[in-house]
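Colleague: Questions regarding the structure given below will be posed in turn.
The values are calculated or read from the model by the stated rules, or taken from the named source; none is laboratory data. In this text the structure is predicted, and so the values were computed from the model without any measurement. Because the Cβ atoms are built from the backbone with ideal geometry, glycine has one as well, and the counts that use them run over all protein chains shown.
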Amino acid sequence: MDEFDGGWTVLQRRQDNTNFYRTWAEYKKGFGYVEKSFWLGNDNIHILTSSGKYELRIDLGDWTGNKWYAIYKTFAVGNETNKYILTVGGYSGNAKDSLTYHNRMKFTTKDRDNDKWSKNCAEHAKGGWWYLDCHHTNLNGIYKKGESHYWNVVSWDGIKNVYYSMKFARMMIRRL
């Protein structure tokens, strides 16, 4: 699949050490710079995905030039009242399916604990995400180079491991 065959809207990009350890209000509104690393904002993502059926594509790259992708034919994010609950399914790609684990999870930030763990996953993983108890993917974690001894980095389980920080991550959607 050619990622440039049209119609994609980028929701998130990680390619530098922009701080993603943010509050609920910041994730709601969005932050960063679109030409660098950013989060579009949960309200914006909800508005987009509630207007029709969308697919999600995630592109990942490591520090040695390897690239992976994951496509989900179903992607939606609920409204703030529903705590931006994630709906995702219909996986294909060459990266392991690590996002389906987070399906039907509510968004958690350092100041709003909506995960299933007894503690706050966002505090430990250092970024807002749809945590269960806690994660198989953490694209909003700390941006570090390569292998780490912590699971709070920008990671995707099945590519190296949850301790390996990706050099690049991008989430984008397209209307079906």
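Colleague: Residues in the range 47-69: is at least one in contact with a helix residue (DSSP H, G or I) (Cβ under 8 Å, 6 or more places away or on another chain) and hydroxyl-bearing (S, T, Y)? If you could, list the steps in order and put the result at the bottom.
Modeller: Narrowing the range 47-69 to residues in contact with a helix residue (DSSP H, G or I) (Cβ under 8 Å, 6 or more places away or on another chain): 54.
Okay, now just the ones that are also hydroxyl-bearing (S, T, Y), so 54.
For the range 47-69, residues in contact with a helix residue (DSSP H, G or I) (Cβ under 8 Å, 6 or more places away or on another chain) and hydroxyl-bearing (S, T, Y): present.
Colleague: Taking the criterion of being of a type outside the set (K, R), touching a Phe, Trp or Tyr at 6+ places or on another chain (Cβ under 6 Å) and assigned to a strand (DSSP E or B), would at least one residue in the range 121-132 satisfy it?
Modeller: For the range 121-132, residues of a type outside the set (K, R), touching a Phe, Trp or Tyr at 6+ places or on another chain (Cβ under 6 Å) and assigned to a strand (DSSP E or B): absent.
Colleague: Taking Y27 and the conditions (1) closer than 16 Å to N138 by Cα; (2) of a type in the set (F, W, Y); (3) touching a Phe, Trp or Tyr at 6+ places or on another chain (Cβ under 9 Å); (4) surrounded by fewer than 21 Cβ atoms within 10 Å (Cβ to Cβ), which numbered condition does it fall short on, given that it satisfies the others?
Modeller: (4)
Colleague: Identify, by number, the condition in (1) buried (at least 22 other Cβ atoms within 10 Å of the Cβ); (2) more than 20 Å from T18 (Cβ to Cβ); (3) of a type outside the set (D, E, K, R) that G158 doesn't meet.
Modeller: Exception for G158: condition (1).
Colleague: What's the total number of residues in the range 104-125 that are modelled with pLDDT under 95 and under 13 Å from the mean Cα position of the chain (by Cα)?
Modeller: So the answer is 1.
Colleague: Tell me which residues, restricted to the range 117-140, are charged (D, E, K, R) and closer than 13 Å to K106 by Cα.
Modeller: Just the residues of the range 117-140 that are charged (D, E, K, R), to begin with: 119, 123, 126, 133.
Within the range 117-140, D133 is the sole residue that qualifies.
Colleague: Still on this structure, I have one more. Among the residues of the range 38-55, what is the count of those that are within 16 Å of the chain's Cα centre (by Cα), farther than 13 Å from M172 by Cα and touching a residue at least 40 places away in the same chain (Cβ under 8 Å)?
Modeller: Of the residues in that region, 1 qualify.
Colleague: Which of the residues spanning the range 143-176 are part of a strand (DSSP E or B), among the β-branched types (V, I, T) and in contact with a Lys or Arg (Cβ under 6 Å, 6 or more places away or on another chain)?
Modeller: Filtering the range 143-176 down to residues part of a strand (DSSP E or B) leaves 146-147, 153, 155-156, 164-165, 168-175.
So of that shortlist, the ones also among the β-branched types (V, I, T) come out as 153, 173.
Once the filter is applied, which keeps residues that are part of a strand (DSSP E or B), among the β-branched types (V, I, T) and in contact with a Lys or Arg (Cβ under 6 Å, 6 or more places away or on another chain), the range 143-176 yields only V153.
Colleague: Of the residues that sit in the range 158-176 and are modelled with pLDDT of 90 or more and charged (D, E, K, R), which one is nearest to D59 (Cα to Cα)? Before the answer, list the steps.
Modeller: Step one: of the range 158-176, the residues modelled with pLDDT of 90 or more are 166-176.
If we keep only those that are charged (D, E, K, R) as well, we get 167, 170, 174-175.
Details: K167: 11, R170: 5, R174: 14, R175: 17 Å.
For the range 158-176, the residue satisfying everything is R170.
Colleague: If you go through the range 123-136, how many residues are surrounded by 24 or more Cβ atoms within 10 Å (Cβ to Cβ) and without any contact (Cβ under 8 Å) to a residue 60 or more places away in the chain?
Modeller: Initially, the range 123-136 is screened for residues surrounded by 24 or more Cβ atoms within 10 Å (Cβ to Cβ), giving 125, 127-131, 135.
In the following step, the residues that additionally are without any contact (Cβ under 8 Å) to a residue 60 or more places away in the chain were identified as 125, 129-131, 135.
Matching residues across the range 123-136 total 5.
Colleague: Okay, next question. If you go through the range 103-122 one residue at a time, how many are surrounded by fewer than 19 Cβ atoms within 10 Å (Cβ to Cβ) and touching a His at 6+ places or on another chain (Cβ under 9 Å)?
Modeller: 1
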